[in-house]
Amino acid sequence: MYYKNRGYKLFYGCNIALLLLISILCILPMIHIFAVSLSGKSAADANLVTLFPMDFTLDGYKQTFDNRNFLNALQTSVLRAIVGTLSAMMITILAAFPLSRTSTEFKTRNLYVWFFLIIMIFHAGLVPTYILIERLNLINSFWVFILPGLLSVWNMILMMNFFRALPKDLDEAAIMDGATSFDILARVYLPISLPAIATISLFTLVGHWNSWFDGMLYMTNSDRWPLATLLQSIVVVRDFSKTGITPEDLELLSNRSVKSAQIFIAMLPILAVYPFLQRFFVKGIVLGAVKE
């Protein structure tokens, strides 16, 4: 009866309308960028393109894939996203599992929990971090993208709370069968933790893909920049030399078309990954929620 009354139907209709409006506002910029990337020089430079290409051309994409800087940045970002996500999830799971045990099972658990909470709240700051990175000889190294953020305490806490919410009967049954702690984690907990793992992996993947500041800070050579740093240089700093357009190409191409093509290509990997994780995302998004 509750779902049939007029108030609920009105509330449901308003929610659908609001979500539809938000979805349209998110999609329209992507459509506009795609249209500009397929438009000719005159229409793009005159800012005449809205949601449909004008003077259709693929020269922007051809120029993009001929640009060595862009291909190097794309390769770095893909490698960073894969290695960074896999290594971060491995460390997060290995840290969260023992901390999900009780103080009786893991006597120094509370000490470690307080340690992680303190380092999450109090950060050393940018200058000490840079000095540490420099002394570790990580400047201009690929591993500077991976090691400093290898463990996210927030993600670890989310994973720990998910493990703590699982029935203790699973542990007891596995122990009676002679399973070790590693067996319990690998064969019992991980298979039923896919929503949590998928959600945290998606957050980590997007974080690595969108991170641009560390590339600008720790890489003195622009050939080693990740894609987000390269796009930040093009879009925000307006260093169009990184687009790969030569003075001869300017007669036929627009900086806006090439820039839009590069931005659109940068969006595609995350848009392609999300549908495969979406079915886990709804369950995993409530990580850390209070459960009865």
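The values are calculated or read from the model by the stated rules, or taken from the named source; none is laboratory data. For clarity, every value in this text was computed on a predicted model and none was experimentally measured. No Cβ is skipped: glycine too gets one built from the backbone with ideal geometry, and neighbour counts run over all protein chains shown. Just so you know, the surface numbers come from the protein's heavy atoms only, side chains and all, with ligands and any DNA or RNA stripped out. Shrake-Rupley method; radii C 1.70, N 1.55, O 1.52, S 1.80 Å.
In the set (1) within 25 Å of the chain's Cα centre (by Cα); (2) surrounded by 12 or more Cβ atoms within 10 Å (Cβ to Cβ), residue 68 fails one condition alone, (2).
Selection of the stretch 150-189 for residues being in contact (Cβ under 8 Å) with a residue 40 or more places away in the chain and either in contact with an Asp or Glu (Cβ under 8 Å, 6 or more places away or on another chain) or of a type in the set (Phe, Trp, Tyr) (or both) yields 162, 163, 189. Can you pull out every residue in the stretch 104-130 that is under 18 Å from residue 180 (Cα atoms) and either open to solvent by less than 80 Å² (accessible area, probe 1.4 Å) or in a helix (DSSP H, G or I) (or both)? If the condition is that a residue be under 18 Å from residue 180 (Cα atoms) and either open to solvent by less than 80 Å² (accessible area, probe 1.4 Å) or in a helix (DSSP H, G or I) (or both), then 106 is the only one that fits.
Flag: residue 198 matches the condition of being open to solvent by less than 70 Å² (accessible area, probe 1.4 Å) and within 27 Å of residue 270 (Cβ to Cβ).
A Cβ distance below 7 Å, combined with a sequence gap of six or more or placement on separate chains, defines the contacts here; from the stretch 190-212, residues that are closer than 15 Å to residue 165 by Cβ and in contact (Cβ under 8 Å) with a residue 24 or more places away in the chain reach residues that are among the charged types (D, E, K, R) and surrounded by fewer than 21 Cβ atoms within 10 Å (Cβ to Cβ) in the pairs 195/283. Residue by residue through the stretch 167-181, note down the ones that are among the hydrophobic types (A, V, I, L, M, F, W, C) and surrounded by 15 or more Cβ atoms within 10 Å (Cβ to Cβ). Answer for the stretch 167-181, where residues must be among the hydrophobic types (A, V, I, L, M, F, W, C) and surrounded by 15 or more Cβ atoms within 10 Å (Cβ to Cβ): 174, 179.
Just wondering, is there one or more residues in the stretch 31-40 that are of a type outside the set (A, V, I, L, M), closer than 30 Å to residue 223 by Cβ, open to solvent by 70 Å² or more (accessible area, probe 1.4 Å) and part of a helix (DSSP H, G or I)? Within the stretch 31-40 (the criterion being of a type outside the set (A, V, I, L, M), closer than 30 Å to residue 223 by Cβ, open to solvent by 70 Å² or more (accessible area, probe 1.4 Å) and part of a helix (DSSP H, G or I)), the answer is yes, since at least one residue qualifies. Each residue in the stretch 131-140 was checked for being part of a loop (DSSP other than H, G, I, E, B) and open to solvent by less than 70 Å² (accessible area, probe 1.4 Å), and 3 pass.
Report whether or not residue 77 is within 13 Å of residue 260 (Cα to Cα), of a type in the set (S, T, N, Q) and crowded, with 20+ Cβ neighbours inside 10 Å. For residue 77, the condition - within 13 Å of residue 260 (Cα to Cα), of a type in the set (S, T, N, Q) and crowded, with 20+ Cβ neighbours inside 10 Å - is not met.
Determine, yes or no, whether residue 263 is modelled with pLDDT of 70 or more and either in contact with a His (Cβ under 9 Å, 6 or more places away or on another chain) or among the aliphatic types (A, V, I, L, M) (or both). For residue 263, the condition - modelled with pLDDT of 70 or more and either in contact with a His (Cβ under 9 Å, 6 or more places away or on another chain) or among the aliphatic types (A, V, I, L, M) (or both) - is met.
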